[in-house]
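The structure appears below as structure tokens.
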Amino acid sequence: MSDSTSGRRPLAPRGEAARSLTPPLADARPAAVRPESAADAAPLRVGAGTKSRRGAEDPAIVRWTLIALAFLAMTILVVIPLANVFYEAFAKGVGTYWDNLYNDPDTLSAIFMTLKVAPMAVALNVVFGFAAAWAIARFRFPGRALLTSLIDLPFAVSPVVAGLLFVLLFGLQGLFGQWLREVDVKIIFAWPGLVLATTFVTFPIVARELIPLMEATGSDEEVAAVSLGARWWQLLSRVTLPNVKWGILYGVILCNARAMGEFGAVAVVSGRITGQTDTMPLRVEKLFQEYNLPGAFAVASVLTLLALITLVIKVTLEWRTRRELEEASRLRTLRSEA
Amino acid sequence: MSITAKNIVKRFGSFTALDDVTLEVGGGQLVAVLGPSGSGKSTLLRIIAGLELPDSGTVLYHDEEVTDSHVRERNVGFVFQHYALFRHMNVFENIAFGLRVRRWPKDKVEHRVNELIQLVQLEGLGRSLPSQLSGGQRQRVALARALAPSPKVLLLDEPFGALDAKVRTELRQWLRRLHEEIHVTSVFVTHDQEEAFEVADQVVIMNHGKIEQVGEPGEIFEHPANPFVMDFLGDVNVFHGRVEGGRVMLGDLAVDYPDQPHQEGRTAKAFVRSHELEIARSWNGRGSALKAEVVQVNPSRGVVKIRLISADFGLALNVDVAWDRFADLRLSVGDHVYVAPRRVRVFVEDYAI
């Protein structure tokens, strides 16, 4: 009953006993080591697993048939039409191609309209998308589930219907039509309408990209930043934005591709005024209807080229965002294990 | 800088996380808040930090009331269980963060960060990203980052929880030495009693949103205030019995208990730590002992853990035996032995229960 001397005592004897390990008991030691050697064996077992899986794979003929089919479909549906766009565009020589693009003021105006509308729509999307993603990923509030599903709505609604919605709101006969005429602001049949319609149609892209990323990243770093004295703008610019920068960039690229290619919604709100509110896709269709095939394909080739560039950037960014997500989810599993 | 939390109450919906908790931490002390999960220990820490606001009660730093001030203004260093390092910043920038947001001049930042990198022994790793570091290194970066702006208090939320056992032991001894060097008032939360007892000057034991006991590690270990603390400290055998006439009757086992001389019997719980039970091959009849059969022998760190069943009493017992004693006894499964307590702690139950 008097084996108590100091407060730290309960911890000390363990070390002493470990040092005075007596020979008869030494054989008990390997038992303590065993768990480690079992862990060492684990990778070996994984190796054996991959080997046995090879036996469960499909026979070579099935594999090669499927691969050949996939390549065939890709060639017929993607590669040939794409190549054909450039072939047709240049069918009458480079000079005609250049003429069709540069010396047609209506085509030129359509290209500039697209280059004006798409970046504006993208910018609006980044701001709204980031705000929505922040709200959904960081806060629990009533209506959160509703907001999450509403974000997807623009993808579900047909672009033509989306365009019509804006006409019904901002058109001359629309809800705000009278008031807009009084303050002399033109939205429908003018570029603001194009921006609105394009923004609506592409809205889910940036938010969809950021929500899983921000949820996976968690708010720990932000809390840490605040505890270190960061103000909200420092938090945003030094912690939150840098953490999702690749996700944002990826969203921007996708959104930009979709914005430049948008047809339905833009066709409705623009009124398709040649030389004024036409965008590139609208111009392609118009030239095609006028039997100006080289002209149509010339504009189409520019759109296609932009798409190809987008694809390259997208693949690069995908690789980077995947790494971000992996890092974030790795931290998460670590967290849940602990 | 001392910390006082007075009558803190915090509820989450219908769950009471903290039920009128009062805690005082002396300036320069290193205090561990120990408790099972859900005991409110992390909530208390977050309230002290200002990451959470109490429903009622006050928090004082020294004599200054900070209950309603934002975590930003409190100048605390907070270390998170999962480090929460800024993943896109290297070690240097992570540590510099608290200084940069305070707009320290560049040369002073550089000087201070280098000083801290040295303090946490991470020389040469300033340009590494957190993902390139081991768990122990990351936690040291987190600590350096928290210490950089010279906080008034350092708060650590399960700082070693995510690390493996070996690194954890090293790091807590290192934390102890670090604290002796810098002497900033520190509170850390843990569910690992060994960690709390090894590192802290004072241990606070919490359960169900209340503080069960506060004291120095030795004091708590020697004089547990109540059955919860006794049980929570672990490695303990619980006997249910009666106290009467200055003795505790635990089935066949009778132990002197002078604190309760009344003849009137009362139900009681008796606790015997597993290292306070004696195993013998034979019994000379002095005092009382239980007959028991060995059912399991587990060699472990420092001791051999022996599990016995007392058939008469219908009770499983855990006994820790030192290795040399174990060698003398030559115990193996199936042996019949005698078990006697060297020390019993008795808690008499209230009539109210």
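The values are calculated or read from the model by the stated rules, or taken from the named source; none is laboratory data. The structure presented is a predicted model; accordingly, all values stated were derived computationally and were not measured. Note: ideal-geometry Cβ built from the backbone for every residue, glycine included; neighbour counts use all protein chains shown.
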For segment B:160-170, indicate whether the set of residues that are in contact (Cβ under 8 Å) with a residue 60 or more places away in the chain and surrounded by 22 or more Cβ atoms within 10 Å (Cβ to Cβ) is non-empty. no
Count, please, the residues in segment B:55-92 that happen to be under 32 Å from the mean Cα position of the chain (by Cα) and at the interface with another protein chain (Cβ under 10 Å from one of its Cβ atoms). 18
Filtered residues of segment B:148-159 (kept if within 10 Å of chain A (Cβ to nearest Cβ), hydrophobic (A, V, I, L, M, F, W, C) and farther than 23 Å from B:ASN114 by Cβ): B:LEU155
If we scan segment A:125-144, do we find a residue that is over 24 Å from A:SER219 (Cβ atoms), among the aliphatic types (A, V, I, L, M) and part of a helix (DSSP H, G or I)? no
Go over the candidates B:GLU123, B:GLU93, B:GLU73 one by one and state the one that is acidic (Asp, Glu) and part of a loop (DSSP other than H, G, I, E, B). B:GLU123
Unique residue being among the hydrophobic types (A, V, I, L, M, F, W, C) and more than 20 Å from the chain's Cα centre (by Cα) when the list is A:VAL160, A:VAL206: A:VAL160
Go through segment B:93-125 and count every residue that is at negative phi, within 14 Å of chain A (Cβ to nearest Cβ), over 30 Å from the mean Cα position of the chain (by Cα) and not aliphatic (A, V, I, L, M). 6
Give me the helices (runs of 4 or more DSSP H) completely within segment A:145-217, filtered to those with at least 1 residues that are at pLDDT 90 or above, in contact with an Asp or Glu (Cβ under 9 Å, 6 or more places away or on another chain) and assigned by TED's automatic domain parsing to the domain that holds A:ALA121, ordered by residue number. A:159-170, A:191-217
Testing B:THR22 on (1) surrounded by fewer than 14 Cβ atoms within 10 Å (Cβ to Cβ); (2) modelled with pLDDT under 90, one condition comes back false. Which one is that? (2)
Scan segment B:54-74 and tell me whether some residue there is farther than 27 Å from B:ARG176 by Cβ, modelled with pLDDT of 90 or more and among the acidic types (Asp, Glu). yes
Those residues of segment A:169-198 which are crowded, with 24+ Cβ neighbours inside 10 Å and of a type in the set (S, T, N, Q), in sequence order: A:THR198
From the residues in segment A:219-246 that are outside any helix (DSSP H, G or I) and not charged (D, E, K, R), which one is farthest from the other protein chains (Cβ to nearest Cβ)? A:SER219
B:ARG343 passes all but one of (1) under 27 Å from B:GLU244 (Cβ atoms); (2) within 33 Å of the chain's Cα centre (by Cα); (3) of a type in the set (D, E, K, R); (4) in a strand (DSSP E or B); which number fails? (4)
Do you know which residues across segment B:284-320 are surrounded by fewer than 16 Cβ atoms within 10 Å (Cβ to Cβ), under 20 Å from B:ARG330 (Cβ atoms) and away from every other protein chain (no Cβ under 14 Å)? B:ASN284, B:LYS291, B:GLU293, B:VAL295, B:ILE309
Do we have any residue at all in segment B:217-225 that's in contact (Cβ under 8 Å) with a residue 40 or more places away in the chain and either touching a Lys or Arg at 6+ places or on another chain (Cβ under 6 Å) or more than 14 Å from every other protein chain (Cβ to nearest Cβ) (or both)? no
Out of the residues in segment B:197-231 meeting the condition of being surrounded by fewer than 19 Cβ atoms within 10 Å (Cβ to Cβ) and among the small types (Gly, Ala, Ser), tell me which one is farthest from the chain's Cα centre (by Cα). B:ALA225
For segment A:200-218, which positions are of a type outside the set (A, V, I, L, M, F, W, C) and either surrounded by 24 or more Cβ atoms within 10 Å (Cβ to Cβ) or away from chain B (no Cβ under 14 Å) (or both)? A:THR202, A:PRO204, A:ARG208, A:GLU209, A:PRO212, A:GLU215, A:THR217
Exception for B:ALA162 within (1) in a helix (DSSP H, G or I); (2) within 10 Å of chain A (Cβ to nearest Cβ) falls at (1)
Give all pairs with beta carbons closer than 9 Å in which a residue from segment A:63-88 that is in a helix (DSSP H, G or I) meets a residue that is surrounded by fewer than 12 Cβ atoms within 10 Å (Cβ to Cβ) and not charged (D, E, K, R); count only pairs at least 6 apart in sequence or on separate chains. A:LEU82/A:LEU308
If you go through segment B:84-143, how many residues are of a type in the set (A, V, I, L, M, F, W, C) and touching a strand residue (DSSP E or B) at 6+ places or on another chain (Cβ under 8 Å)? 2
Quick check on my filter: what residues within segment A:77-130 are within 17 Å of A:LEU305 (Cα to Cα) and of a type in the set (S, T, N, Q)? A:ASN84, A:ASN100, A:THR107, A:THR114
Could you list, in sequence order, the residues of segment B:280-339 that are of a type in the set (Gly, Ala, Ser), touching a residue at least 40 places away in the same chain (Cβ under 8 Å) and not in a strand (DSSP E or B)? B:SER282, B:GLY287, B:SER288, B:ALA289, B:GLY334
Can you find, within segment A:280-338, the residue that is surrounded by the fewest Cβ atoms within 10 Å (Cβ to Cβ) among those that are among the hydroxyl-bearing types (Ser, Thr, Tyr), within 26 Å of the chain's Cα centre (by Cα) and at pLDDT 80 or above? A:THR316
